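Just below is one structure, and these are the notes that go with it.
The values are calculated or read from the model by the stated rules, or taken from the named source; none is laboratory data. Small disclaimer: the values here were computed from a predicted structure and weren't measured. Quick reminder, even Gly has a Cβ in these numbers, built from the backbone with ideal geometry, and neighbours come from all protein chains shown. Just the protein is used for accessible areas: all its heavy atoms, side chains included, with ligands, DNA and RNA removed. Shrake-Rupley method; radii C 1.70, N 1.55, O 1.52, S 1.80 Å.
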Amino acid sequence: MTYSIHLKGDTLKVDFAKTDAGKPIPADGDVIVQDVQTQVKQMIASGELSGGNLLKINGRISVGASYTLAHEVAHLYRVVAVADTRLGAYVVVSSTTPEYPLASRVDAERSRSVNFQTGEVTEVKRSAELSTPSFFVRWEGDVLRVEINNEVQVDGDQIVRDVKAQLQKLINSGQLTGGKLLKINGRSTVLASFVLALELAHRYSAIAVFDPKIGDRGLDRYIITISHTPDYQVGDRIDLERDPCQTVKVVLCGAPNTGKTVFRDGLKEAILEREDAPQDFYTISGCPDGDGSWFAQTAQKYPELAAELKAEYKAKFTPEFAQGKARTIEVIKNSLLLFDVGGKISKENELIMAQATHAVILAKSESEVADWQEFCRKLNLTVIAIIYSSLDATTDTIQTQTPQLRGTVHRLIRGESVKTRPMIQELAKQLVELASL
């Protein structure tokens, strides 16, 4: 199995599977959703998942797998709540009882094994000053487009509330009438995906979710995540033709301990907040260091939890990991992809970085820059920026903008928001412009 599911008390522990040696098991999204469905059905058949009042779900899960898991377990439990490490709580994504309102927080306290222990249930209301929803759901042709609103910063429970409200608007307007197949495309969160799955599954015979990791030039590839019809099986792929576009794949590389992960997260936020950012902008990690997209925000509020989860999720940097990551980067056809790699010049990083088109070097000294420049030359990568990371500096400096961005970025510290740093803002602007050429 490529995915791990275990029931401990009232908590379903989920995670991407590893071998006994701690190596990640590479798999595409279609295989993962098949394994999720198979395992849950086996647990139901054996009586292990017998239903009840509350099921908590805790661990790493992909957007596609969220749809499949939500559909398989929701009918068994009156309440389903999913852990949000950024809140240190579970968020209710499905409920048939007033004791647990939708989007309410089930407070949690951590044990040594990083499990959440259920505590008080609280409902946090929408902020009065929030004038626009945190999440959009709308039709584009025959595809349901979902999108995180980057102009507002809210917690996961507010996103759940807004997803429900957006869907209700479409239902009330007669746009969500149901049918044979629903295709969903766009940037989503795990919590939002659970709500979308639970609200839409009974309206359509099958639901297919776009997976950017398995597309191809000129093709958008969707995976069937929910199915009530023999016409589609969970895990089936559906290809839709689209106009081929230029793909810009930017690797953030450089020496260790320069703050690459903090820089990557800040750059990601800066790009997403730009009005001209490509809708299909995508970012992943090329390191097995356990830093997922959740890490930065979790570390700001719960640094100990973030550190423990990182240690739990960390994998070994092996040739198998590098091959799997290189394959993922190769098949992504989004107009702009950003990924980082480990801090060593190695065969593994060579394999991963060879799939990039451009490079950004983050370093602390000229000698480090020279080493990584040579490495990028070997791989025929265009180095578009050379940036020095300075922990003691108090401001950024931009020495040149063209033909190569050069300068310094200051104080890349975990737990601090760096998206407004001048260097990061300038690089975000240049990457968006590069992708639009």
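With R₀ fixed at 35 Å, the C-beta to C-beta distance from E374 to Q175 puts the FRET efficiency at about 0.05. A cut-off under 15 angstrom between Cβ atoms defines the neighbours of M353, and their net charge, with Lys, Arg +1 and Asp, Glu -1, is +3. Beyond 24 Å in Cα-Cα separation lie the following of the pairs K347/K429; K344/K364; K183/K419; K8/K41; K23/K378; K180/K333: K347/K429; K183/K419; K23/K378; K180/K333. Its DSSP H runs of at least 4 residues, each contributing -39,500 (n - 2.57), put the calculated 222 nm mean residue ellipticity of the chain at -9500 deg cm²/dmol, to the nearest 500.
In this label model, A165 and D392 are separated by 5.0 nm, measuring between points 7 Å along each Cα→Cβ vector. A straight chain from S417 to D231 at 0.36 nm per residue would run longer than the Cα-Cα distance by 62.2 nm. Angle check, please: helix 156-172 long axis (alpha carbons) against the longest principal axis of the chain (alpha carbons), in degrees 0 to 90, nearest 10. With rounding to tens, the tilt is 60 degrees. Taking each residue as 0.36 nm, the span from A354 to R203 lengthens on full extension beyond its C-alpha to C-alpha distance by 50.0 nm. Taking the 0 to 90 degree range and rounding to the nearest ten, how far is the long axis of helix 190-200 tilted relative to the main principal axis of the chain, both from C-alpha atoms? It is inclined by approximately 40 degrees. Model label points for I44 and Q279, set 7 angstrom from Cα along the Cα-to-Cβ axis, are 3.4 nm apart. Heavy-atom accessible area for F136, with the other protein chains in place and a 1.4 Å probe, reaches approximately 50 Å². Evaluating 6.51 cos²θ - 1.76 cosθ + 1.60 at θ = phi - 60° for every residue in segment 32-38, the Karplus couplings come out as 4, 5, 4, 5, 4, 4, 4 Hz, glycine and proline recorded as x.
Computed over protein heavy atoms with a 1.4 Å probe, the accessible surface of the chain works out to 44 Å² per residue.
Based on Cα contacts under 8 Å between residues 6+ apart, segment 317-395 shows a relative contact order of 29 percent. Measuring nothing but protein heavy atoms, the accessible surface of segment 308-437 at 1.4 Å probe radius is 49 percent carbon and sulfur. Among A89, A45, A103, the residue with the largest mean-square fluctuation in a Gaussian network model of the chain, with springs joining Cα atoms closer than 10 Å, is A45. Placing pseudo-labels 7 Å out from each Cα toward the beta carbon at I345 and T132 gives an inter-label distance of 4.5 nm. Report, in degrees rounded to the nearest 10, the 0 to 90 angle that the Cα long axis of helix 319-331 makes with the longest principal axis of the chain. Taking Cα atoms only, the helix is inclined about 80 degrees.
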